[in-house]
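Read the structure below first, then the notes.
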Amino acid sequence: MASRALETEIDRLYQLPLEEFTPARNALAKKAGSDGAAIKALTKPPIAAWAVNQLYWKHGDIWNELIAAAENAQKAHRAVLAGRAGDVRAAGKVHDEAVEKALRATLALLAAAGHPATDATKHAVGTTLRALPAGEPAGRLRRALQPAGFEMLSGFPVAPGPARPSRPAPDRPSPKSADTAAPPKVDAKLLTKVKHEAASAARALRDAETAARREEFEQVRTEREEKRAADAVEKAREAVAQAEAALEHAEDAARNAAEMRKAAAKRAVDAQEALTEARDRAESAAADLTAIEKGRMPG
């Protein structure tokens, strides 16, 4: 299979519904010839990575906006660490807004595909979006990502300040520079100190963002647990109410049965008395009949 055609087929794999990935990958591996082993090694992405892939394939405008915001934020941090001007706060705000927009779109794609977004899935999608751009090809993520934070800037050294001469050079004004104001001197130690403070502030911001996301996730989790507990209490109350109603119904039935038993017992006594009375009358009538048959008057 030609390389370009194979790449197109691989792209198609990552656009399929998640449950179709493995059979489609295996089918592609069988017809890929010498590339079959490499195709078979492609792992099925977890739900969060799959969802972010769908954002790339189906909402390219939102994806591009997110990547541009992320790269702009990185650029601002690099500028600050290198001693140049950079609005870290503004760039970070734009990036946060782009992440939120991408998160809403990705969760909508999940819902449309019939995948319920659990709290864990929402968290994994959010951290993956915040970690972009990544080293893996866009639209082919095979794992959820974790934001690198400002560690991604660790390869950019803080720019050194201008070297300080061992001895101050004597002032030697020249005719050309006599009427020109000398540029202000830069305190190299102060500049280095400010740069290190900027780097420290960037790290503190990273830690604060991580802590805020962690606490936000914890809040969602505890709210979910609180709702579960409240639902359990409500179900228990309903069960108690149903049990009390059943008890009341059973007590009413028992009272009715007792009254019916008493009435039946009275009817039984009355019937027994009527039976005795009927027997007495029958025996008396039989005696009278016998006497008549023998020519005697009944007594």
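Check every one of the helices (runs of 4 or more DSSP H) wholly within segment 9-72 and list those with 2 or more residues that are touching a Ser or Thr at 6+ places or on another chain (Cβ under 6 Å) and not charged (D, E, K, R).
47-58
Which members of segment 38-80 meet the condition of being among the hydroxyl-bearing types (Ser, Thr, Tyr) and surrounded by 18 or more Cβ atoms within 10 Å (Cβ to Cβ)?
Tyr56
Test of understanding: among Asp11, Asp96, Asp61, which residue is within 26 Å of His123 (Cα to Cα) and within 23 Å of the chain's Cα centre (by Cα)?
Asp96
Residues that are of a type outside the set (S, T, N, Q), touching a Gly at 6+ places or on another chain (Cβ under 8 Å) and modelled with pLDDT of 75 or more: does segment 277-288 have at least one?
Looking for residues that are of a type outside the set (S, T, N, Q), touching a Gly at 6+ places or on another chain (Cβ under 8 Å) and modelled with pLDDT of 75 or more, one finds at least one in segment 277-288, hence yes.
For Ala98, are the conditions met, namely being within 29 Å of Arg12 (Cβ to Cβ), in contact with a Lys or Arg (Cβ under 6 Å, 6 or more places away or on another chain) and not assigned by TED's automatic domain parsing to the domain that holds Arg12?
no
The values are calculated or read from the model by the stated rules, or taken from the named source; none is laboratory data. As the structure is a computational prediction, the values presented were derived from the model and not from experiment. Don't worry about glycine lacking a Cβ; one is built from the backbone with ideal geometry, like all the others, and counts go over all protein chains shown.
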